[in-house]
Structures are given as C-alpha cells and as structure tokens.
1. Provide the gained length on full extension for the span THR303 to GLN167, in nm with one decimal, where the gain is 0.36 nm per separating residue minus the Cα-Cα distance.
2. Straight distance only, please: which aspartates and glutamates reach the Cα of LYS210 with their own Cα at less than 14 Å, same-chain residues fewer than 8 apart left out?
3. Could you list MET385, MET183 so that the one with the fewest beta carbons within 10 Å of its beta carbon is first and the one with the most is last?
4. Please list 351-362, 323-334 highest first by mean number of surrounding beta-carbon atoms within 10 Å per residue.
5. Can you give the three extents of the C-alpha atoms in the range 175-271 along their principal axes, from longest to shortest, in whole Å?
6. Let me check against my output: what whole-number percent is the relative contact order of the range 164-228, with C-alpha pairs under 8 Å and at least 6 apart?
7. How many nm is it between the label spots at VAL195 and THR253, if each spot is 7 Å from the Cα in line with the beta carbon?
8. Would you kindly state how much longer the chain becomes between ALA342 and ALA151 on full extension, computed as 0.36 nm times their sequence separation minus their alpha carbon distance, in nm to one decimal?
Amino acid sequence: MTTARYRDQLADVRERTGQARDRIARAKRDRQAAVDSWDGRDMQSPEARRAQLADQAIRAAEADLDVARDEESALLHQMSGMSVPQHSSLTDPSTMGQLEALAYSSQQFGQLSLGTVIPADRLAGMIEAGDWGAPRPMAQAPAGQVTVTDAMRRAGGGGPSDRIVAQPRRALRILDRLNTAVMPAGRSFEYVREVATADGADVVVEGALKPATTIEFEDDEAVAQTLAHHTRLKRQALADVPGLDSVVQGRLTYGVLAKLEAQVLNGSGVDPNLRGILQTSGIGATAYDGAVPLADLPLDAITDIIVSEANPDTVVIHPSDWSRLVRDRADDGHYRGSGPFASQTPTLWGLPVVVTAAMTEGTALIGDFANGATVFIREGVSVRMSDSDQDAFVRIWWSSWPSAAPPSRCGARPASRPST
C-alpha cells in the first residue's frame, strides 16, 4: 500500500475517532442534564429514561472509539514496517492504560526516563519523513565568553581597582526618579486605575439639589517580566585573576539595570517587553515647531502638565538634544542660557534634568515622575554561577547567571499624564 493511501485511511480513521469523542461528550452532557432534573425516585419518569438512553449512547460511542483506535494502531504499525501484534501484553487494556499514564507523567520506568509522549499524528509524520528515532539537536544559547589575557593571569595579588580597567558605564538615574514597590506574590496582579473624573462640586443654596460628580475606573493588570543575560567564564580564570568575579558581576548587573532603564522609557509592551512610559496610552505630546525657540517647547509641555493638575518634577533628554539647548543663541550671538562657564546642576525651567543616552534623540520626556508611574519589583538583580550544562543553566531562570525579574510595567499606575 502506498504512503498516500495510508495517509488517506489514517485521516478517515481519525475523523471517525473525533466523531466518536464528540458523541461521547454530547451524551455525557445529556446524561448530566437528565440527572440534574430527575427527582431520584421515579425510574419511569422522562428524565430517568433520558439518562438511560444517554448511557446507551455513551457505551455505543466508546465501542466505536475503541474500534477506531485499533484501526489507527494497525495503520501506524504498517506505515512503520512493523507487523501488527496479534496477542501480546500491549493488547491488554490494563497494560495499555498503565503505559499511557506513564507516558503522560514525569516518572521513570525502571531506570529509563520515558520523556514526553509523542502524539500519533506527529509520529506518523516522522515515519513518513524518514526521521524515526533521529536525535533532535538541543537548541544552543548565544555564546557569551569572558576573555582573560596572559597579563591578567601573571598579575598576582591585588583587586580589580588596580588590575582591571573597565569600560565606562553611563549613570542610571531614571529609576531613581520613579517610585518602586514590591510586587505581590505571583507573576501578575490586577489593579484599578482612575481614568476620568467629572468634578461637579459647586456652591449649593439651602434646599437645592447638589451637583453630581462622575468617576470612571478601569481594570488593568501588571505582569512581571524577566530581564537576564549570561556569560561563560573558566574556573581557572577565576582562580588566576583576583577580583575578576567582582568585575564580571558588576558588568552583568549593570547590563540588566541598563536594559531595565531602556524598557522603562521605550518598552513596547508586547510580551515579553515591559510597557514603557513613552508607549503608555494617554501620554500628552507637544509638537515641534521650528519657529519657536528650543527652550520654549519644554515650557509648553510643562504648562500642559500643570493644566492637567499634575506636578512636573523631571525632564529626561538625550545628550545631543541637551547640547543644542544649552548652546542655543539669540540673534545677537549671546547664549540664551548661562553660557559655557556656568557651574550648576542641569535644570530646565526650574526642573532637574536627567541627561541620558537611554532617551530617544529628538524627544524629551517631561512629567510627574513621583506620582505618574510605579515600577514593581518582583525580584532584585541576582548574579549566580553554575557548572551545569548550558541549556538547563541558560533557560531556567532560577539557575541562570544573572537573572533579574524587575518590574511588571512601567507607567502601570499613572496618576497623571507625563508629556513628551
């Protein structure tokens, strides 16, 4: 018999299998409905008769299902080139039930781990493709590596401060401007946001009806995400280079926090990304106008925030945009700001400025950071080391090095609307 013929017969058998299962499900629902409406006393009542008929239908459908399963088993044996067993332990229903239970469990069968059961349709596809029993390669994580030089190994004593010169790391100050809270137990939690209020409070004369106020709330959910990365480091290198572990841990921790800062600002919100402030609905925007002096545009945004009854407290801006602001000159050539020789903390219209490359160039973020967003932390940054096999170590978060599960969503609790 050709493979196409086997496939057609297998499709017909599986269609009958599905029909039998549907009949069983319908008959069970009918039986339950009859039992629920039966008083339990009159065996001749219509409800009792309906329950009996449903039992008969269940038995008939189960018999048809057994026949279809036997036919499917025979076809699969023929497709694999194996003879159909006539009498063996595998034809015993109790033995097959035990094997089926083992196949869907994580228990071992003697000293053999059975692994995960393969569905029949997938098995048929493997047989047809000729890859029955072929080993499946394990997916490998991107190779990270800490390279140790000969000079580092010869250096002897001393710590990382006098032996290793690390690459520069930008200051991570955006998280310092936001509220943080410990996330409740579990991967997610629900909360409620106030989205609109029509305040009707007014002066009322004696005996008059008081005006009404409308408050609208919206359900929302915060879902935790994990930010993590890993690298490889030889055990001998750790022993040969004092302080190397501290340098590597510092770099890995910084990498997680830098990514978190970027997600807080610009995360798309598409799983597994966080939802950043700039991607949160309801954020106001002030359009760029080339005819308006650069410093006046942020003032317009500050005004919009105050009008919306929030209290702006922070400006976040890209270094290139900040450079254009501070060197902006009037028509007569003088600096509009304090000029190059002023020594002061960066401020703009009285608000502290966070100058960071994490902000998208060409966009400034101004808002009520103290009240406008909260970052929920499920687990702080942890750096872990293991010599287990790569796939188990890199994939399973509780064994990875490092693993961080900071917040669910940034801007998850907007009490105001920051403006960009």
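Bear in mind that the values in this text are calculations on the coordinates, not laboratory data. Just so we're clear, the structure is a prediction, and the values are computed from it rather than from any experiment. FYI the Cβ positions are ideal-geometry reconstructions off the backbone, even for glycines, and counts take in every protein chain you see.
1. Taking 0.36 nm per residue and subtracting the Cα distance, the gain is 44.9 nm.
2. Within the straight-line limit of under 14 Å, LYS210 reaches these aspartates and glutamates: ASP199, ASP202.
3. Ascending number of Cβ neighbours within 10 Å: MET385, MET183.
4. Averaged packing, sorted descending, gives the order 351-362, 323-334.
5. The Cα atoms of the range 175-271 stretch 87, 25, 24 Å along their principal axes.
6. It rounds to 35 percent for the range 164-228.
7. 4.1
8. Extra length available between ALA342 and ALA151 comes to 64.4 nm.
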